[in-house]
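**Student:** Questions regarding the structure given below will be posed in turn.
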Amino acid sequence: MKIKVTAYHNGEEIEDYVAFEKDMELVINNSPVATIKLSPGYEKEFALGYCLGEGFISGLCDVKKIVMGENSIHVDVRESKAERERYISSECLSGWRTRIKKGMKVESDLKVKSSEIIENMKEMQRKSEVWKLTGGVHSSALVIDREVIVIEDVSRHVTIDKLLGIGLKRNIDFSKSYILTSGRIPGDMVTKIAEAGIPLAATRTAVLYSGINVARKSGITLVGFVRKRNMNIYTCRERIV
């Protein structure tokens, strides 16, 4: 969205771009689950990815139907998948976040070169067009083979939801993929990634202790501060070659 602003560094009134968000209520099996602030676009993918990352479904076969409203998304899923212990996260955007399932482990033989992670992080930044215009969104990427699928959103959690939804619709083998992101990685985000069976997540910035704890329990490789030629590997070092 483009609006008029006053640029105080020179006193001139100009037009500049700002990030736009909207509220979207997610209803699963006729029960309101969350009201999320997100960027327009990929709303169905968000709903699918949210359901996968929060444990309501294990695949598209568990989804009966999705109905889009103006400010709501209604998803019908197989009843047994929706019975999960949930808690409210301290994340700034309201919503339900699941606990890590006891004994949940990600199984994957994925190996990734450190140089590949660094180059794909640069590619994610190159493709982050909304961020270049506004500086007001987060970027995340799902990397599969040589493809870097990038999503931008005002919510870093929603970028992951949308990528999971895209992966589901494309029938991507998540065990052979990994996640890149521009923001902090807390435990609830790692839980989403673990639910999808993705074995590695890396960020340009910091990981939180809760993220390290969940990654260690679920067998995910967690990488932080991917900048220039540097990175910190916090868990499951063996996947980085």
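The values are calculated or read from the model by the stated rules, or taken from the named source; none is laboratory data. Source: prediction; values computed, not measured. Cβ placement follows ideal geometry from the backbone for every residue including glycine, while neighbour counts extend to all protein chains displayed.
**Student:** Could you grab me the full set of residues in segment 92-146 that are at pLDDT 95 or above, outside any helix (DSSP H, G or I) and surrounded by 18 or more Cβ atoms within 10 Å (Cβ to Cβ)?
**Tutor:** Across segment 92-146, the qualifying residues are 106, 108, 112, 128, 137, 138, 139, 140, 141, 142, 143.
**Student:** Among residues belonging to segment 43-79 that are assigned to a strand (DSSP E or B) and out of contact with any helix residue (DSSP H, G or I) (no Cβ under 8 Å at 6 or more places or on another chain), point out the one that is surrounded by the fewest Cβ atoms within 10 Å (Cβ to Cβ).
**Tutor:** Quick first cut of segment 43-79, residues assigned to a strand (DSSP E or B) only: 63-68, 72-77.
From what's left, out of contact with any helix residue (DSSP H, G or I) (no Cβ under 8 Å at 6 or more places or on another chain): 64-65, 67, 72, 74, 76.
On the way: 64: 11, 65: 8, 67: 11, 72: 15, 74: 17, 76: 16.
Per the criteria, the residue is 65.
**Student:** Right, something else. Looking at this structure, is residue 166 in a helix (DSSP H, G or I) and among the β-branched types (Val, Ile, Thr)?
**Tutor:** Spelling it out, residue 166 is indeed in a helix (DSSP H, G or I) and among the β-branched types (Val, Ile, Thr).
**Student:** How do the strands (runs of 3 or more DSSP E) wholly within segment 1-40 filter down when requiring 2 or more residues that are under 27 Å from the mean Cα position of the chain (by Cα): which remain? Explain how you work it out, then say what you get.
**Tutor:** Working: elements: 2-7, 12-17, 22-28, 31-38.
Those strands (runs of 3 or more DSSP E) span 22-28, 31-38.
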